[in-house]
Every structure is written in structure tokens, then in C-alpha cells.
Amino acid sequence: MAEPVIQVRGLRKSYGDVEAVRGIDVTVERGEVFALLGPNGAGKTTTVEILEGYRQRTGGEASVLERDPAKLDRPTKARIGIVLQSSGVDPFLTVRETIDMYRGYYPHPRPVDEVIDVVGLSEKRDTRVNKLSGGQQRRLDVAIALAGDPELLFLDEPTTGFDPSARRNAWQIVRNLIALGKTVFLTTHYMDEAQYLAKRVAVIAQGLIVAEGPPATIGGRDTAQTVIRFRVEDGEGLPSLGQVPLGDGTLELRTEHPTKVLHELTAWALDRGAELEGMEVYRPTLEDIYLELTGGEAGAE
Amino acid sequence: MSDVALALRQVRYTNKAFWRNPGSAFFTFAFPLMFLVIFTSLLGSGTIEVAPGVFIKQSTYYVAAMSAFAVITASYTNIAISVVFQRDAGILKRTKGTPLPGWAYMGGRVLHVLIVAILLVIITSAFGVAFYGADVPSGVLLLKFAAVVVVGAMSFAALGLATTSIVPNPDAAPPVVNAIILPLLFLSGIFIPFGVDTPEWIRTVARIFPVKHFADAMRAGFYGAPFEFLWRDVLIVAIWGLAGLILAARFFTWEPRK
């Protein structure tokens, strides 16, 4: 089996007395989209910037494209595209000139116009960078990172500050990258973003990875208990299924066998001609799991 | 592409962006000419005693002085302020993540500064010839003069790079840069010529820093006699430039300061 594109074991980073990353393990396989999901200050950017070569780790092992990210050589750098959380470009060059300038740094760049099309900036080809909107500048960031035709792409919070439609557009761009066969390492604090884009997600909180897996099963989401809530006028003879009354008279029960429980409940209700009012059946969303894992800091801006 | 070709390519883009920034381009070019006009209008009819018994016209004096000022503005001031801006805007950080070697990027900027400096010297001289009847150097003198311009522009550019390491953010760049360069300009005879009665302590301070040596070499390279062209002046400027390069290599940062 091929070497993983990124392999991290026990990665640590301290700033003085503060430990921003406290020993994390991450493996990213070729062609995979991996998301590091966590609230602000959880250690996402520190982690990604160690892998990009901007910061030196204080402990643990790391390899990126089979190199130590602390000392990436030029040929390896040429295989990596980076979208930083915030970074600038010269405001007085046009979109095309900017991409062309960065292309020139790489041995096998992609054609300028092709890159512009991938990120959907064709209309703005000859516009100066200082005339672009925030979302367009972010797309330019992605275009620059793609210009050298990298195998591995780092995207550090690519859609933070976007409105919903801009985020949809950005996601489409990332999906285009997946279609190009790129390996993508994404950080985000949006659950839906991780769910929509990533094949595998690791949730980071306070410098530790607290859960890892595909979005559908992460944090035991697939095996977690289903919650059923309902109200009844007269609960006489209601089978005892472990329901507990909530404050407003609603009954709630949690089960690993929702089909059986629902069958018993509805059979009872039909027998008596009663109604299970306001019935809700739900499984924990990724957001619930995330809030639980990160101690309720989700979405904290 | 070879690294040198990469650096040259960088010059092209730097140049493109430079001319599209009207504020920066205008002031880089307008300041020296503006000062030349102001100083010669204020003082142009007089003469300066540059050595005991040796007098020259003020207007002639200022053509060379403003050429020196133009080179310093284009190299030191321009590099220090614009590189801090680029650092703070995250442009340098992005560049650092690409395979482009850092020196090729900075080399491109320094070469661009050299081109701008040469252009400025040509314009200032042409202005001096057209309006003040200044003599332009020729022959060996021209070669010496060219050497001074090249060594000066590159050395002051290197010092500008070194200065960025003590500038915390772009707002602080102009005050810090001016606080360093303005006193040295006044202590160099560029704005106010040294006369026979200039105090000794000013001469001593001026001898330590590179600005006076550069101004002297520019003047001697421009006029020849009665000024004495000393390679020692050029060497001192170059040593300062080398020191700037070493400091920049040691303390320069590619990431915005928090």
C-alpha cells in the first residue's frame, strides 16, 4: 500500500507555557479529503501550519509527502498548494497576472485560464485584485494554490466569513479539486462543511483529537441512541419503555432499537384511539456530536 | 527556469505593480525633483564654499545632492516601507509557501529598486542639465558615477530590508524609516551643504554613517574636480550594505507581526 500523504504521530506544539497542540495523530491517504474540524483556538491552524512548514513542532513525528515538514525542500514544496487562513496578494496586479506570477515558481504549472475557470473567476480575469470582493479574493487564493498543479492542497478555513451562497460556490470548487484527484487537508469550524466535503473528519478540541472517522459515523453517531419524544393525554397502560417526563409534560425516551419501540408505541396508541402528539424521532446530527465533543464551543466566532 | 531567471521575472511583476500604484510611483519620482526646484529657487543664486577658497554654484551642487536623495528614497525608504506592507498583508507569507527561493524574491525587489534609482538619477540629471546648466559626467567619471549609483542603491536597499525587522506594522513604517533617514540626510550635506564652519561633531557623526559617504561619492562622481572621488566612500557604503544584508538575513521575518 502506498505511503500516506500525511502522517502525524503525537504531534505537539507549545507557545511558551501554552500547549496549543497536545499530541495528535493524523493520517491522510492519497486522493482523500480530510477535514480537521474544531472551534477557534482548538489548534487547527497551528497543526496545519506545522504541516505546511511555517511552524516548528515541539514534539512528535510528522511526514508530508514522505518529508519532514520542518525542512521541506524545493521539489517537495512544488508538490504542495497552500491556502492560508489569511494572506495577501499584490493589489495592483490583475487576476491573470497574479496567477501567472505564482505559476512561474513551479516546474509543471497548470494553464492560467484553466485555473481561472476551476475557481470561477473567468469574468474577472483582467480585473485588478483590489477590485475583487472578499469571496472573489478567496477564490483567487485557491487559484494561486492550484497554479502549480499540486498533489496536496492545504485549505485553512476556506469559507470563514462567507455568506451561504458563496460557501456553496466554494464547496463546488473544492469538489472540482476532488475530481482532479487532489489530496486535500481542510480545516474548518463548520460541521456542514466537513460533512459535505470530507471523506474523513477529525474533531480537535483544546489541542487534542476527540473523535475521528467518516462524517456519518463520527463520535458514534451511527450507533448513538435515537431520541423519541411525544405527549399523550392519558398515559394509562402505556408500555414502559424507559420514557421519562420532561418539564412540559412531554415524554422522552432514548433507544438503540427505534423500530421496535415505535412499533410498540404506535400499536398502543392505535388500540386506544389515542394520538402521540407532537411526536419527534431524531438521531443526533453531526452538530450535536460536535457540540458534545468540543464542550459546546461550536460556532464560537 | 533558473533562479536568476526567476528573480528577473519577479522584477517584471514588481515593476508592473509599482507603476500602477500612483501614490508610490508619483512620490518616488516627484520628491527629488520637487526638492531640487525648492532648494535651487530658495538658494540657487548663491555660491557655496565647499573647501577653503573653492566656491561652486548652489544650483549645480543640488543636482548631484538630489540625485543622491533620489537613490536613497527609491531604495532605502521604498523598500523598508513597501516590504513591511507586504509582510503585514501576508504577501510574503504566501510567497514563503511556494518553491520560490526567498533570495530570488528579494533579489527581484532589489533589482527593481536599482532600475528605479538609475531612472531617477537620469531624470534628475536631465532636469539639472535643462534648467540649471549642470554638467553631466562622461568617460571614466561616468563609470565611477555609475558604480556609486549601483553600490549605493543596492546597499541602501539591503539596509531597508534590515530596517523592516524593527518595524512592527505598516502604520509604524513611515515614522520609523523617517526617524532613521531624515537626520542622516541632514547630517550628510544633501539638504544643507557642509561649509568650512560646519561643527566638528557633525562631521564626526556624518563620517560614521553611510549617507554622507554616498552623497560625497555621488557629488565627486558627478562633477569631478574640485571634489575628490574617493573609493573609500564607496567601500564604506558597501560595508554598510553588507551589514544590512547580514542583519536582514538574520532578523528578517516573512510573516505578519502579531
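Residue count for the stretch A:116-133 under the criterion of being facing chain B (nearest Cβ under 9 Å) and either under 29 Å from the mean Cα position of the chain (by Cα) or of a type in the set (F, W, Y) (or both): the result is 0. With respect to the conditions (1) more than 24 Å from A:G43 (Cα to Cα); (2) surrounded by 17 or more Cβ atoms within 10 Å (Cβ to Cβ), A:A211 falls short on a single one, namely (1). Taking the listed residues A:T98, A:T127, A:T94, the one that is touching a residue at least 24 places away in the same chain (Cβ under 8 Å), closer than 27 Å to A:G53 by Cα and among the polar types (S, T, N, Q) is A:T98, with no other qualifying. Contact map, the stretch A:1-25: first residue β-branched (V, I, T), second residue surrounded by 14 or more Cβ atoms within 10 Å (Cβ to Cβ) and part of a loop (DSSP other than H, G, I, E, B), Cβ cut-off under 7 Å, separation 6 or more or different chains; pairs are A:V5/A:E29; A:V5/A:R30; A:V5/A:L65; A:V21/A:G43; A:V21/A:G207. Reported count of residues in the stretch A:103-129, each being under 23 Å from B:G90 (Cα atoms) and outside any loop (DSSP other than H, G, I, E, B), is 7. A:D100 fulfils the conditions (1) at pLDDT below 95; (2) outside any strand (DSSP E or B) except for a single criterion, (1). The set of residues from the stretch A:130-142 being within 20 Å of A:L155 (Cα to Cα) and either in contact (Cβ under 8 Å) with a residue 60 or more places away in the chain or not in a loop (DSSP other than H, G, I, E, B) (or both) comprises A:G134, A:G135, A:Q136, A:Q137, A:R138, A:R139, A:L140, A:D141, A:V142.
Name the single residue, out of those in the stretch A:104-115 being facing another protein chain (nearest Cβ under 10 Å) and either in contact with a strand residue (DSSP E or B) (Cβ under 6 Å, 6 or more places away or on another chain) or surrounded by fewer than 20 Cβ atoms within 10 Å (Cβ to Cβ) (or both), that is nearest to B:L6 (Cα to Cα).
Pass one, the stretch A:104-115, residues facing another protein chain (nearest Cβ under 10 Å): A:104-107.
Then drop every residue that is not either in contact with a strand residue (DSSP E or B) (Cβ under 6 Å, 6 or more places away or on another chain) or surrounded by fewer than 20 Cβ atoms within 10 Å (Cβ to Cβ) (or both), which leaves A:104, A:107.
Values: A:G104: 8, A:P107: 12 Å.
Checking each candidate, the answer is A:G104.
Considering the conditions (1) exposed (fewer than 12 other Cβ atoms within 10 Å of the Cβ); (2) of a type in the set (G, A, S); (3) modelled with pLDDT of 85 or more, A:A269 is excluded by exactly one of them, (1).
Residues that are more than 12 Å from every other protein chain (Cβ to nearest Cβ) and of a type outside the set (G, A, S): list the helices (runs of 4 or more DSSP H) wholly contained in the stretch B:73-153 that include at least 3 such residues.
Values: elements: B:78-88, B:91-96, B:102-132.
It comes to B:78-88, B:102-132.
The condition of being over 23 Å from B:G221 (Cα atoms) and modelled with pLDDT of 85 or more holds for only one of B:A68, B:A17, B:A64, that being B:A17.
All of (1) within 13 Å of chain B (Cβ to nearest Cβ); (2) at pLDDT below 95 hold for A:K44 with one exception: (1).
Any residue in the stretch A:163-184 that is hydroxyl-bearing (S, T, Y), touching a residue at least 12 places away in the same chain (Cβ under 8 Å) and in the same structural domain as A:P91 (by TED's automatic domain parsing)? Yes, the stretch A:163-184 has at least one match. Taking the criterion of being crowded, with 18+ Cβ neighbours inside 10 Å and either assigned to a strand (DSSP E or B) or not assigned by TED's automatic domain parsing to the domain that holds A:S133 (or both), the only residue of the stretch A:40-63 that qualifies is A:A62.
Can you tell me how many residues within the stretch A:134-154 are within 23 Å of A:T76 (Cα to Cα) and either among the aromatic types (F, W, Y) or within 13 Å of chain B (Cβ to nearest Cβ) (or both)?
Quick first cut of the stretch A:134-154, residues within 23 Å of A:T76 (Cα to Cα) only: A:140-154.
Narrowing further to those that are either among the aromatic types (F, W, Y) or within 13 Å of chain B (Cβ to nearest Cβ) (or both): A:140-150, A:152-154.
The qualifying residues number 14.
From the list A:I228, A:I209, A:I204, which residue is in a strand (DSSP E or B) and closer than 24 Å to A:H257 by Cα?
A:I228
The residue that is nearest to the other protein chains (Cβ to nearest Cβ), counting only those in the stretch B:20-51 that are part of a helix (DSSP H, G or I) and of a type in the set (V, I, T), is B:T28.
For the stretch A:64-95, a residue qualifies if it is closer than 17 Å to A:D149 by Cβ and either assigned to a helix (DSSP H, G or I) or within 7 Å of chain B (Cβ to nearest Cβ) (or both), and the qualifying residues are A:R74, A:P75, A:T76, A:K77, A:A78, A:I82. The set of residues from the stretch A:187-201 being in a strand (DSSP E or B) and touching a Pro at 6+ places or on another chain (Cβ under 7 Å) comprises A:R200, A:V201. The residues of the stretch A:116-130 that are among the basic types (K, R) and surrounded by fewer than 19 Cβ atoms within 10 Å (Cβ to Cβ), listed by number, are A:R125, A:R128. Here the stretch B:124-158 is the region considered, the condition is being aromatic (F, W, Y) and at pLDDT 90 or above, and the residue that is surrounded by the fewest Cβ atoms within 10 Å (Cβ to Cβ) is B:F145.
Being in contact with a helix residue (DSSP H, G or I) (Cβ under 9 Å, 6 or more places away or on another chain) and more than 21 Å from B:P101 (Cα to Cα): is that true of A:D126 here?
Numbers: in contact with a helix residue (DSSP H, G or I) (Cβ under 9 Å, 6 or more places away or on another chain): yes; more than 21 Å from B:P101 (Cα to Cα): yes.
Yes.
The values are calculated or read from the model by the stated rules, or taken from the named source; none is laboratory data. Predicted model, so just to flag it, every value in this text is computed and none were measured. Glycine also receives a Cβ, built like all others from the backbone with ideal geometry; neighbour counts cover every protein chain displayed.
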